[in-house]
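Taken together, the values in this text are just the output of simple stated rules run on the coordinates, not laboratory data. Keep in mind the model is a prediction, meaning the values are calculated, not measured. Glycine gets a Cβ as well: all are built from the backbone with ideal geometry, and neighbour counts include every protein chain shown.
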Amino acid sequence: MPPARTVPEHGGDIYGIARELGRSPGELVDFSASINPLGFPPGLPAALAAALAEVVHYPDRRCTALREELAAYHGLSPDEILVGNGSTELIYLLPRTLRPRRGLIVAPAFSEYHKALQAAGAEVHWHYTAAADGFTLREPVDPGEADLVFLANPASPSGALLSLQEMVAAVRRLSARGARVVLDEAFIDFVEEASLKTELARMPRLMILRSFTKFFGLPGIRLGYLLAAPELVARLAAVQEPWSVSTLAQAAGRACLKDRDFMVRSREMVRAARERFFRQLSALPGLQVFPSAANYLLLRITTPGLTAADLRRRLLLRGLIIRDASNFPGLDEGFVRVAVRRPEDNDRLAAALAEVLREAAA
Ligand SMILES: Cc1ncc(COP(=O)(O)O)c(C=O)c1O
């Protein structure tokens with residue numbers, strides 16, 4: 001068996017895992033990072049090749065063309081948009097600039113919110129959603145004394161989705177209590193109609209994080225952005241490190257936004273693949289599958305004695321990487337997360353899972 005490692009902090013460490021197993025990354029199928037199974041839009045290589053001549057200059061530090069095109073795409077104004085080196089850069093920039101005394105995280109959630117709040121010296125509190133509610137926000141979030149609240153829609157790692165109306169109500173309640181809200185919509189492109197971007201002008205305390213990583217299949221490019229009130233965007237832009245978004249990343253983003261056909265195909269393909277994968281996995285004894293609106297599924301192992309770490313190790317032996325989700329605050333060693341990939345990959349994982357669960361139950 002591969003050595004038991006401490007639980008990885010993130011999925012997608014394909015290079016580290018391949019090295020550890022003495023295999024090449026190409027021999028592994030990665031279900032631990034949730035990236036569009038169609039990959040990136042087909043026009044991307046040509047757009048990057050064309051932009052290469054520009055790398056002799058510093059990038060446009062204001063990302064002017066990309067912001068204009070994002071504004072047109074979302075029906076917003078360019079001064080409501082700040083581009084970053086992945087949304088992760090902006091997750092850190094926000095608390096560092098806003099200096100909250102106390103942050104609240106709706107959990108389970110992406111681990112960087114916690115680290116970013118801590119790095120900015122904020123006290124961190126948690127609001128836990130429950131497995132029994134499918135990790136949706138059943139209870140209104142009480143911000144208490146928190147001045148900055150992080151939450152995600154669809155939620156990560158569960159994939160639970162709040163409707164636009166539910167999210168409007170949640171943000172209104174938090175704003176009325178004086179809190180600013182960072183709404184992470186890293187996976188909303190799969191259900192764009194649920195984005196709170198349409199409410200931005202009416203919600204001055206709302207900040208929306210978006211990412212090119214997941215939907216456009218670009219984790220290695222590093223490109224994300226924030227949608228927020230122009231005054232806040234200007235304040236953040238003034239302290240953001242210069243040139244954090246490369247010329248190639250800006251060109252990649254512009255190429256992605258041009259390909260509407262890719263967007264439609266991605267939504268349809270992922271929805272169909274997820275529904276099929278959900279049915280396959282739900283049929284396995286010893287596993288509970290949570291409903292998801294995104295390109296991943298959260299699973300709870302109900303087979304006695306089998307932990308997330310065991311399951312991950314046994315699947316690694318078969319060349320399949322899944323995310324041990326036990327280190328998300330609010331989850332335990334019974335949880336794993338798997339990406340929705342192409343049906344042939346999903347079939348392979350479903351068959352391997354069936355085998356491992358059968359062995360473990362024997
Ligand atoms: C919920 C969520 N938000 C944000 C990110 C960061 O994405 P990026 O920095 O690649 O835009 C991730 C990455 O895993 C994520 O899962």
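Results, tabulated for the structure shown:
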| quantity | calculated |
| --- | --- |
| Gain on full stretching of the segment that runs from LEU21 to GLU199 - 0.36 nm per residue minus C-alpha separation | 59.3 nm |
| Nearest-20 debye value, the range 44-258 charge dipole, Cβ charges on Lys, Arg, Asp, Glu | 340 debye |
| Expected-Rg normalisation [2.2 N^0.38 Å, Cα atoms] applied to the chain | 0.98 |
| HN-Hα J in Hz across the range 300-308 - Karplus 6.51, -1.76, 1.60, θ = phi - 60°, x for Gly and Pro | 10, 7, 10, 6, x, x, 9, 9, 4 |
| Between the range 202-224 and the range 83-114, the alpha-carbon center distance in angstrom | 13 Å |
| Neighbourhood net charge (15 Å Cβ-Cβ; Lys/Arg +1, Asp/Glu -1) for ALA170 | 0 |
| Under Karplus coefficients 6.51, -1.76 and 1.60, residue-wise ³J(HN,Hα) of the range 143-152 in Hz, glycine/proline x | x, x, 8, 5, 9, 9, 10, 9, 8, 10 |
| At 1.002 mPa s and 20 °C, Stokes D of the range 44-258 from Kirkwood alpha-carbon radius, µm² per second | 122 µm²/s |
| Whole-Hz couplings from phi, Karplus 6.51/-1.76/1.60, listed for the range 280-290; x for Gly and Pro | 4, 6, 5, 7, 7, x, x, 9, 10, 10, 9 |
| Interchain or long-range residues, amide H under 5 Å from LEU162's placed H | ALA155 |
| Residues whose placed amide H lies under 5 Å from that of SER211, excluding near-sequence neighbours | TYR225 |
| Gained length - LYS258 relative to ARG99, 0.36 nm times residue gap less alpha-carbon distance | 53.5 nm |
| Burial ordering of VAL245, VAL168, fewest other beta-carbon atoms within 10 Å first | VAL168, VAL245 |
| Distant-in-sequence amide H partners of TYR128 (H built 1.01 Å from N, under 5 Å) | ALA107 |
| Total formal charge among the other residues, if their Cβ is under 9 angstrom from that of ARG210, Lys/Arg +1 and Asp/Glu -1 | -2 |
